[in-house]
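Heads up, the thing below is written out as structure tokens.
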Amino acid sequence: MKSTILKTVLLLNILFIFNCRAQTTTDYINFYNTVVPKLNSIIPNKTQFYGQNFSNFYNELQSKNISIVGFIHDTKIKPSTKYYVIALFFCDKGMLNIASENSYQYPWAKITFVNEIPNQIEDMVRQYNAQWNPTFTQFFANMKIEKIEFTGVKGYSVEDYSE
């Protein structure tokens, strides 16, 4: 229960922290139509990153000009207190709000690591409000990826959440 509440609070932080200017539905659709084709170009080859360091996957995102804005961490097995998973978000609070208000999909990637994420992640997430920055890039750099899943990449108005 405590873990679920913490995750909810962290997700809300992500939703309320990013972006100051008002954004429109058109802005969201343009964002979606720019980012998702880049993500879809990674999906067929995602298994090449399995067993590899996160830094390799991160570099692939960077090479495709895809920025991580925020993330949440999660457990692999419920109930548990051991974190193995991060969900990466590519759009800011304003875009997430527009997506929610219009029942649009928003793209995100779920990374499951082979080994447990060190417990210091909780303090770091609080310190940086779950906003992605170079500290997190370095923190996850040498962690081995077990699995990658993408969600919200079939169209912004498509209700199918699978890849």
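Peptides 46-56, 139-149 ranked from most to least packed give 139-149, 46-56, packing being the mean of other C-beta atoms within 10 angstrom over each peptide's residues.
Taking K and R as +1 and D and E as -1, what net charge do the other residues with C-beta under 10 Å from the C-beta of residue 42 add up to? Show your work: numbers first, answer last.
Values: positive: 38, 46, 64; negative: 60.
Taking every Cβ under 10 Å from that of residue 42, the sum is +2.
Please give me the summed charge of the neighbours of residue 56: other residues whose Cβ is under 15 Å from its Cβ, Lys and Arg +1, Asp and Glu -1. With Lys, Arg at +1 and Asp, Glu at -1, the neighbours total +2.
Once the chain from residue 34 to residue 146 is taken as fully extended at 0.36 nm per residue, the excess over their C-alpha distance is 37.6 nm.
Once you've got the Cα coordinates, tell me which of 78/154; 46/144; 38/76; 46/82; 76/154; 93/147 are over 21 Å apart. All intermediate terms of the calculation are to be shown ahead of the outcome.
Numbers: 78/154 28 Å; 46/144 13 Å; 38/76 27 Å; 46/82 24 Å; 76/154 25 Å; 93/147 26 Å.
Result: 78/154; 38/76; 46/82; 76/154; 93/147 exceed 21 Å.
Beyond 24 Å, the tail of the calculated P(r) for segment 2-151 holds 31 percent of the Cα pairs.
A crude spin-label estimate for the pair residue 119 and residue 75, with each label 7 Å from Cα along the Cβ direction, gives 1.5 nm. The calculated FRET efficiency for the pair residue 63 and residue 128, based on their C-beta separation and a Förster distance of 25 Å, comes to about 0.55.
Values quoted throughout were computed directly from the atomic coordinates according to the rules given, and no laboratory measurement underlies them. This one's a predicted model, so the numbers in the text were calculated from it and none came from an experiment. Ideal geometry is used to build each Cβ from the backbone, glycine not excepted, and the neighbour counts take in all protein chains shown.
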